[in-house]
1. Identify all residues within the stretch 142-159 that are assigned to a helix (DSSP H, G or I) and more than 16 Å from residue 9 (Cβ to Cβ); write none if there are none.
2. Counting just the residues of the stretch 1-45 that are more than 16 Å from the chain's Cα centre (by Cα) and in contact (Cβ under 8 Å) with a residue 24 or more places away in the chain, which one comes out nearest to residue 70 (Cα to Cα)?
3. Can you name the number of the only condition in (1) assigned to a helix (DSSP H, G or I); (2) in contact with a helix residue (DSSP H, G or I) (Cβ under 7 Å, 6 or more places away or on another chain); (3) under 19 Å from residue 139 (Cβ atoms); (4) modelled with pLDDT of 95 or more that residue 60 fails?
4. Say whether the condition of being at pLDDT 95 or above and out of contact with any helix residue (DSSP H, G or I) (no Cβ under 9 Å at 6 or more places or on another chain) is met by at least one residue in the stretch 95-109.
5. Select from the stretch 69-82 the residues that are touching a strand residue (DSSP E or B) at 6+ places or on another chain (Cβ under 9 Å) and within 16 Å of residue 96 (Cα to Cα) and write down the one among them that is surrounded by the fewest Cβ atoms within 10 Å (Cβ to Cβ).
6. Just need a number here: residues in the stretch 31-56 that are in contact with a helix residue (DSSP H, G or I) (Cβ under 8 Å, 6 or more places away or on another chain), under 21 Å from residue 95 (Cα atoms) and not in a helix (DSSP H, G or I).
7. Sort through 45, 6 and tell me the only one that's over 16 Å from residue 75 (Cα atoms) and crowded, with 19+ Cβ neighbours inside 10 Å.
8. With the requirement that a residue be part of a helix (DSSP H, G or I), surrounded by 19 or more Cβ atoms within 10 Å (Cβ to Cβ) and out of contact with any strand residue (DSSP E or B) (no Cβ under 6 Å at 6 or more places or on another chain), what does the stretch 9-20 give you?
């Protein structure tokens, strides 16, 4: 099984694109647990809340992996929660780095317009750039393989489709 994780700053098309491609290609995917948390419990992302979000995301990923699909798409994982933790609290607890890693990551650049949706935080150019840098630092720091995704919405989709084709068994 290959797990492909969509990773990066807010409002870069990850959730929209993963849902579209999973549906079109008939691939299983794990939605973003943090969004569900924010929509049902609010956006007070305390250290404890972020640790619980990472645990919830991991549980959902493990449940989806239990059927051993050849390719499993992940709309984030605990490494993205680590970037959130760093952005909001200035550090990354080792527990967030201890979870199993995906076989490949897609790092989405923040080069498309930011859209406020009630759960997003970092809409200024400065905050967005800082958050994107932290997301990348987490990937580089853990040594996981990743492909950068950027450009227009059409270019992003083509890039992701190419990676999916390359990784598909």
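The values are calculated or read from the model by the stated rules, or taken from the named source; none is laboratory data. Worth saying up front: this structure is predicted, and the values here are computed from it rather than measured. Note that we place each Cβ from the backbone using ideal geometry, even for glycine, and neighbour counts take in every protein chain shown.
1. 142, 154, 155, 157, 158, 159
2. Going through the qualifying residues, I end up with 1.
3. Every condition holds for residue 60 apart from (3).
4. Looking for residues that are at pLDDT 95 or above and out of contact with any helix residue (DSSP H, G or I) (no Cβ under 9 Å at 6 or more places or on another chain), one finds none in the stretch 95-109, hence no.
5. 79
6. Residues meeting the conditions: 2.
7. When all the criteria are applied, what remains is 45.
8. Listed by number, the list holds a single entry, 17.
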